[in-house]
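Below is one structure, written out as structure tokens; comments come after it.
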Amino acid sequence: MDLPPFLLDHWLAKYQFASPPIAYDLASSTGPKWTVGELLSLSGRSGLDDVTVSYAPPEGSRTLREAIGAFLGVDPAWVVVTTGASEALSVLFCLAARPSGNVVLPSPAFPAFEVMANVWGLGVRHYGMAREDSYRLSAASVLGAADGETVLALVNTPHNPTGAIMPSDEIGALAAALAERRVPLIVDEVYHPLYFDARPASAAAVDNVLVIGDMSKALSLAGLRMGWIVDADPERRKKIIDARSYFTISSSPVLEALATDALLHREALLARLQAVAEENLAALSAHMERVADILAWVKPAGGTVAFPWFRDGRDSRPFCEALAAKGVLVAPGDCFAMPEHMRVGFAVLKCGQFAEALSIFERTLREHLRE
């Protein structure tokens, strides 16, 4: 099939991998970067000399699954390791696919969701997240989008690109209502547990929920390409492991060893992210007040991204291009089918660098409007 252009990745690749790379990256949805040396120092490892470079079990090593289980508070037997959350999503769509079946997805959403559903022959039904309602995620809106052909529903919380969250009681009510229709609920938790108010527990222990997660976002280790599916249903889990075997056979034992060490010392990774994200979000909030005559936004409740928009409805891409020319990268809203918006990441840069980037952002914004 012809896949549509992945506009977000095209935009990021153009600037993030340029030589020299962009000076201030506010388009990234991840957290502060870590080196291999820093990860090894957390565990006291001097290297990876004892790791065998061979295959790993398709479900992931026992030690890695125990570390993921401890992170989410579930039985490690429920965990199946995947190549990032992207493979997790593809596996679940593949196994659910049937003629005339559909999956219920949020709008706006990470663009790969809909494309991957279509790749596996699934139709898509959307539930809206209204900015006038602070992008509230509700069980009623998801259920209202489902019909008799729905085979899966997905909730992304904290949500990309808005930073909205679905409260735990709403997730429980939604999962229970979907169970009556024999529809599993996927909860995408790649940003868990990065929240700015109350910190809810993972949904991994909720009946009729399959959690997908990874180490790219809240754990700030995108280069490990390590993700997971958590499923309490043993029969479905066997099918997930078979699908993973067909898709990628296994992870790299080298990456699994690094991932295990990182998860065992996750508090250090999460603490660095929380500190950077909270300080930079405060700076972003002050910035948004200064430019409130031009841009509007909903302050994110979790995650590492915000999704402001031009009040006059103009397409953000020309501004994003002008801003990139000044060395600051944000993602234009057309990457999410909402051209007046832009996605702003606030957790990669150190606080001083982030302040410098916002200064350039504001100056360029006002120059852009005068042109």
Would you confirm whether or not the range 216-229 contains a residue that is touching a helix residue (DSSP H, G or I) at 6+ places or on another chain (Cβ under 7 Å), without any contact (Cβ under 8 Å) to a residue 40 or more places away in the chain and closer than 16 Å to Val81 by Cα? yes
Yes/no for Phe110 being part of a loop (DSSP other than H, G, I, E, B) and within 30 Å of Ser252 (Cα to Cα):
yes
Contact list, first residue from the range 133-146 and in the same structural domain as Gly163 (by the TED database), second anywhere and small (Gly, Ala, Ser) and in a helix (DSSP H, G or I), beta-carbon distance below 6 Å, six or more apart or interchain, is Ala139/Ala173; Leu143/Ala177
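Give the residue, chosen from Ala56, Ala77, that is over 30 Å from Asn118 (Cα atoms) and part of a helix (DSSP H, G or I). Show your work before the answer.
Numbers: Ala56 fails: part of a helix (DSSP H, G or I).
Ala77 is the lone residue from the list that is over 30 Å from Asn118 (Cα atoms) and part of a helix (DSSP H, G or I).
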Of the candidates Lys217, Lys239, the one satisfying the condition of being farther than 13 Å from Gly303 by Cα and among the basic types (Lys, Arg) is Lys239
If you go through Ser134, Ser141, the only one that is modelled with pLDDT of 95 or more and open to solvent by 10 Å² or more (accessible area, probe 1.4 Å) is Ser141
Filtering the range 10-28 down to residues that are open to solvent by 30 Å² or more (accessible area, probe 1.4 Å), of a type in the set (Phe, Trp, Tyr) and not in a strand (DSSP E or B) yields Tyr15, Phe17
When the range 219-230 is checked residue by residue, the ones that are touching a strand residue (DSSP E or B) at 6+ places or on another chain (Cβ under 6 Å) and open to solvent by 10 Å² or more (accessible area, probe 1.4 Å) are none
Looking at this structure, is Pro318 in contact (Cβ under 8 Å) with a residue 24 or more places away in the chain, touching a His at 6+ places or on another chain (Cβ under 9 Å) and open to solvent by 20 Å² or more (accessible area, probe 1.4 Å)? yes
Here the residues within the range 286-328 that are assigned to a loop (DSSP other than H, G, I, E, B) and closer than 21 Å to Ala18 by Cβ are Ser316, Lys326, Gly327
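Go through the range 292-315 and report how many residues are more than 21 Å from Asn280 (Cβ to Cβ) and surrounded by fewer than 18 Cβ atoms within 10 Å (Cβ to Cβ).
Filtering the range 292-315 for residues more than 21 Å from Asn280 (Cβ to Cβ) gives 293, 310-315.
Right, trim to surrounded by fewer than 18 Cβ atoms within 10 Å (Cβ to Cβ) and you get 293, 311-315.
Number of matching residues: 6.
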The one condition Ala56 fails out of (1) surrounded by fewer than 17 Cβ atoms within 10 Å (Cβ to Cβ); (2) at pLDDT below 95 is (1)
(1) outside the structural domain of Asp261 (by the TED database); (2) under 30 Å from Ala109 (Cβ atoms) all hold for Ser19 apart from (2)
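Determine, yes or no, whether Ser216 is out of contact with any strand residue (DSSP E or B) (no Cβ under 9 Å at 6 or more places or on another chain) and either open to solvent by less than 20 Å² (accessible area, probe 1.4 Å) or at pLDDT below 95 (or both). Please lay out each step first, then the result.
On the way: out of contact with any strand residue (DSSP E or B) (no Cβ under 9 Å at 6 or more places or on another chain): no; either open to solvent by less than 20 Å² (accessible area, probe 1.4 Å) or at pLDDT below 95 (or both): yes.
No, not satisfied.
Restricting attention to the range 56-74, which residues are out of contact with any helix residue (DSSP H, G or I) (no Cβ under 6 Å at 6 or more places or on another chain) and on the phi < 0 side of the Ramachandran plot? Working first, answer last.
Here is the first cut: in the range 56-74, the ones out of contact with any helix residue (DSSP H, G or I) (no Cβ under 6 Å at 6 or more places or on another chain) are 57, 60, 62, 68, 70, 73.
Scanning the range 56-74 gives Pro57, Arg62, Ile68, Ala70.
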Subset of the range 93-107, residues in a helix (DSSP H, G or I) and open to solvent by 10 Å² or more (accessible area, probe 1.4 Å), comes to Cys94, Leu95, Ala96
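For (1) in contact (Cβ under 8 Å) with a residue 40 or more places away in the chain; (2) assigned by the TED database to the domain that holds Leu224; (3) closer than 29 Å to Gly345 by Cβ, each residue gets a yes or a no:
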| position | (1), (2), (3) |
| --- | --- |
| Gly31 | yes, no, yes |
| Tyr55 | yes, yes, no |
| Ile68 | yes, yes, yes |
| Trp78 | yes, yes, no |
| Ala85 | yes, yes, yes |
| Leu89 | yes, yes, yes |
| Ala96 | yes, yes, no |
| Pro99 | no, yes, no |
| Pro106 | yes, yes, yes |
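Tell me whether the range 305-320 contains one or more residues that are of a type in the set (A, V, I, L, M), modelled with pLDDT of 95 or more, more than 30 Å from Thr35 (Cβ to Cβ) and not assigned by the TED database to the domain that holds Tyr55. Can you show your working first?
The initial filter retains those residues of the range 305-320 that are of a type in the set (A, V, I, L, M), namely 305-306.
Now drop any that are not modelled with pLDDT of 95 or more, which leaves 305-306.
Among the residues that remain, those that are also more than 30 Å from Thr35 (Cβ to Cβ) are: none.
The answer is no, given that none of the residues of the range 305-320 is of a type in the set (A, V, I, L, M), modelled with pLDDT of 95 or more, more than 30 Å from Thr35 (Cβ to Cβ) and not assigned by the TED database to the domain that holds Tyr55.
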Check whether at least one residue in the range 198-213 is at pLDDT 95 or above and of a type in the set (S, T, N, Q), and report yes or no. yes
Counting only strands (runs of 3 or more DSSP E) entirely within the range 157-276, those with at least 3 residues that are under 29 Å from Val51 (Cα atoms) and within 20 Å of the chain's Cα centre (by Cα) are 209-214, 227-230
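The values are calculated or read from the model by the stated rules, or taken from the named source; none is laboratory data. All values derive from a computational prediction rather than experimental measurement. FYI the Cβ positions are ideal-geometry reconstructions off the backbone, even for glycines, and counts take in every protein chain you see. These area figures cover heavy atoms from the full protein model, side chains too; ligands, DNA and RNA do not enter into them. Shrake-Rupley method; radii C 1.70, N 1.55, O 1.52, S 1.80 Å.
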